[in-house]
Amino acid sequence: MNEINYENYYWQNETVRLRAMLPEDWENHYEDLFDSIARRRLQYEIELPPTALHEKHNTEMFSNFDPKTGRLMFVIEALDGLPVGAFNLNSIDERNGTFSIGMQIGGKFRSKGYGTAAMRLLLDYAFNERRLNKYYGSVIEDNIASATMLKKLGCIQEGVRRQQIYTSGRYWDEIFYGLTRDEFNSKFER
């Protein structure tokens, strides 16, 4: 295959490049399933021990943007092609123009700006290519890194459900954030 010129590629910025999840990506994602703290912050629960067979099946199912899944799954790569995480556009409600995003950055790649850069690309796509109007998401109260990232992107805290999530032997607050297309475009001067 010829070397790809990414100079005019929409799905890239100064920090990351996004691509479709492929069946062979299962191993990278499988490794991330062993980070129980990160998984609890993403799923709001402690998951059962991962199995390679289950992860191969999930990765296959979400590969190549299969529309039947209701999710657009991406791999986040550093500009040198190294996979640093994965995320998805989900819960898309075309009628009301709303959507959410789920993400996990690999442990050794956190706090390097990859998540924020990837989110900015996907938010731009959702707002300015898909014509969606509002991103919504939530974080468990101890997920300071994700809350900080959402605020950097211009998200506004919209509410708190007190003691909504039970995990790790206690109840945790769930903090809700939102961002409209106008707020995003104003912040990033589109």
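Laboratory data are not the source of any read-out in this text; all were calculated from the coordinates shown. Note that the structure is predicted; figures quoted are calculated from it, not measured. Virtual Cβ from ideal backbone geometry, glycine too; neighbours counted across all protein chains shown.
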Round to a whole angstrom and tell me the spacing of the C-alpha centers of segment 120-182 and segment 86-107. 10 Å
Loop-resident sites, segment 68-172, for GluC sites (Glu not before Pro), counting at most 13 other Cβ within 10 Å (DSSP): E94, E129
Full-extension gain in nm, D35 to D66, via 0.36 nm per residue minus C-alpha separation: 8.5 nm
Is it possible to state the helix-based mean residue ellipticity at 222 nm for the chain, with each DSSP H run of 4+ residues giving -39500 (n - 2.57), the sum divided by total residues, to the nearest 500 deg cm²/dmol? What is it? -8500 deg cm²/dmol
Compute the distance in nm between two label points, each set 7 Å from the Cα along the Cα-to-Cβ direction, one at Y171 and one at E14. 4.6 nm
Between D80 and I156, what length comes free when the chain is fully extended (0.36 nm per residue of separation minus the Cα-Cα distance, one decimal in nm)? 24.1 nm
What number results when the radius of gyration of segment 29-167, computed over Cα atoms, is divided by 2.2 N^0.38 Å? 1.06
Neighbourhood charge, 12 Å Cβ-Cβ cut-off, centred on E174 and excluding it, Lys, Arg +1 and Asp, Glu -1: -1
Taking Cα pairs under 8 Å and at least six residues apart, what relative contact order does the chain come out at, in percent? 18 percent
If every Lys and Arg gets +1 and every Asp and Glu gets -1 at its Cβ, then about the Cα centre segment 16-187 yields a dipole, in debye to the nearest 20, of 540 debye
Of all beta bridges DSSP finds with both residues in the chain, what is the antiparallel percent, to the nearest 5? 95 percent
By how many nm would the segment from E27 to E7 lengthen if fully extended, with 0.36 nm per residue of separation less the alpha-carbon distance? 4.3 nm
Calc'd 3J(HN,Hα), segment 150-159, phi into Karplus 6.51 cos²θ - 1.76 cosθ + 1.60 (θ = phi - 60°), Hz, glycine/Pro = x, comes to 4, 5, 4, 7, x, 5, 10, 5, 9, x
Cβ-Cβ cut-off under 9 Å around A145, Lys and Arg +1, Asp and Glu -1: the net charge is +2
Over the Cα atoms, compute the radius of gyration (one decimal) and Dmax (the largest Cα-Cα distance, rounded to a whole number) for segment 119-190, in Å. 13.8, 45
